[in-house]
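Please read the structure below before turning to the comments.
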Amino acid sequence: MTVSVGPKKQNLIWAVIIIAFLIGAIGSWAIWHNQSTSQKSSQTPKLSVDKPKIAANPYAGWQTFTDNSTPDSGISFKYPSPWKPTTSGKAYAWQLVNSTTDVETITGRTIFLPASTTPEQEWTKCSSADACGPAPGDTVISAKNITANGLVAYQTQESNSSNTYYTTVFKSPKPTSDGTAFVELTINNPDAQALVTYQKIVQSVSFN
């Protein structure tokens with residue numbers, strides 16, 4: 001027996017089929033869209049905000065030496081433990097002594113000259129080895145003009161029959177009634193670690 005379906009029922013069936021197809025298509029699209037969006041989100045690089053790095057203080061724990069001799073040069077610099085400042089002989093106003101070895105020393109010598117003098121001239125054209133410059137017969141290994149902590153300076157490495165030494169000559173930017181202070185910082189026979197300490201001290205020099 002054949003069951004005939006009227007036009008109204010046929011239209012209803014087709015409507016249900018079309019609606020079901022649309023619902024399935026929309027559902028499939030929604031699933032694809034969510035997966036695509038999630039994948040793109042995971043591939044997009046995230047911007048990171050780095051906190052500014054604070055540079056470590058290379059002189060943390062170091063103390064400050066200030067020349068108080070008469071007349072004083074006004075020089076100041078930092079130095080670490082176990083180095084300690086002491087008074088010295090007449091040729092030197094003061095010195096730093098490595099109290100661990102009692103051998104390594106950094107000596108300071110001051111002379112007042114006309115403001116037109118350069119640190120290199122203070123060393124190479126000194127009229128008296130007792131006041132400034134190298135001892136007669138010392139041999140220059142290397143020498144150069146440098147800037148240390150913003151100050152004009154002259155650094156030389158020299159040797160003689162007894163030792164090898166480094167000297168840095170600083171010129172004070174502040175002339176006084178006695179003239180312009182020139183300060184020589186000298187270290188004798190330094191080992192590698194003592195030389196590193198010396199160079200750091202050189203870079204900390206300032207004048208009051």
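Looking at region 147-163, which of its residues are assigned to a strand (DSSP E or B), open to solvent by 70 Å² or more (accessible area, probe 1.4 Å) and without any contact (Cβ under 8 Å) to a residue 24 or more places away in the chain?
The answer is 147, and nothing else.
Would you be able to tell me the number of residues in region 175-190 that are touching a strand residue (DSSP E or B) at 6+ places or on another chain (Cβ under 8 Å), closer than 12 Å to residue 113 by Cα and open to solvent by 10 Å² or more (accessible area, probe 1.4 Å)?
Just the residues of region 175-190 that are touching a strand residue (DSSP E or B) at 6+ places or on another chain (Cβ under 8 Å), to begin with: 176, 178-190.
After this cut, where a residue has to be closer than 12 Å to residue 113 by Cα as well, the list is 176, 178-183.
When the remaining residues are screened for being open to solvent by 10 Å² or more (accessible area, probe 1.4 Å), the result is 176, 178-179.
Residues meeting the conditions: 3.
Within region 164-179, restricting attention to residues that are part of a strand (DSSP E or B) and more than 19 Å from residue 94 (Cα to Cα), which residue is modelled with the highest pLDDT? Talk me through it step by step, then tell me what you get.
First, the residues of region 164-179 that are part of a strand (DSSP E or B): 164-171, 176, 179.
Checking which are more than 19 Å from residue 94 (Cα to Cα) leaves us with 164, 176, 179.
Working: 164: 93, 176: 84, 179: 89.
Looking at residues that are part of a strand (DSSP E or B) and more than 19 Å from residue 94 (Cα to Cα), I get 164.
So which residues in region 196-208 are open to solvent by less than 40 Å² (accessible area, probe 1.4 Å) and among the aliphatic types (A, V, I, L, M), if there are any at all?
Answer for region 196-208, where residues must be open to solvent by less than 40 Å² (accessible area, probe 1.4 Å) and among the aliphatic types (A, V, I, L, M): 201, 202, 205.
Taking residue 167 and the conditions (1) surrounded by fewer than 19 Cβ atoms within 10 Å (Cβ to Cβ); (2) under 20 Å from residue 98 (Cβ atoms), which numbered condition does it fall short on, given that it satisfies the others?
It is condition (1) that residue 167 fails.
With under 23 Å from residue 164 (Cβ atoms), open to solvent by 60 Å² or more (accessible area, probe 1.4 Å) and not acidic (Asp, Glu) as the only criterion, which of 58, 52, 136 stands out?
Just a single option satisfies the conditions, and that option is 136.
Do we have residue 182 as outside any helix (DSSP H, G or I), in contact (Cβ under 8 Å) with a residue 60 or more places away in the chain and within 30 Å of residue 57 (Cα to Cα) here?
yes
When region 185-208 is examined, which residues are found to be farther than 11 Å from residue 149 by Cα and in contact with a Gly (Cβ under 7 Å, 6 or more places away or on another chain)?
Initial filter on region 185-208 (farther than 11 Å from residue 149 by Cα): 185-199, 208.
Residues satisfying the conditions are 185, 208.
With open to solvent by 70 Å² or more (accessible area, probe 1.4 Å), closer than 14 Å to residue 169 by Cα and over 32 Å from the mean Cα position of the chain (by Cα) as the only criterion, which of 144, 125 stands out? Explain how you work it out, then say what you get.
On the way: 144 fails: over 32 Å from the mean Cα position of the chain (by Cα).
Exactly one of 144, 125 is open to solvent by 70 Å² or more (accessible area, probe 1.4 Å), closer than 14 Å to residue 169 by Cα and over 32 Å from the mean Cα position of the chain (by Cα), namely 125.
Just name the residue that is modelled with the highest pLDDT out of those in region 185-208 that are part of a loop (DSSP other than H, G, I, E, B) and out of contact with any Phe, Trp or Tyr (no Cβ under 8 Å at 6 or more places or on another chain).
Among those residues, the one meeting the criterion is 203.
For region 82-122, what are the residues that are surrounded by fewer than 18 Cβ atoms within 10 Å (Cβ to Cβ), among the β-branched types (Val, Ile, Thr) and at pLDDT below 90?
Within region 82-122, 86, 87, 100, 101, 103 meet the criteria.
The values are calculated or read from the model by the stated rules, or taken from the named source; none is laboratory data. Computed from a predicted model, the values in this text were never measured in an experiment. Because the Cβ atoms are built from the backbone with ideal geometry, glycine has one as well, and the counts that use them run over all protein chains shown. Just so you know, the surface numbers come from the protein's heavy atoms only, side chains and all, with ligands and any DNA or RNA stripped out. Shrake-Rupley method; radii C 1.70, N 1.55, O 1.52, S 1.80 Å.
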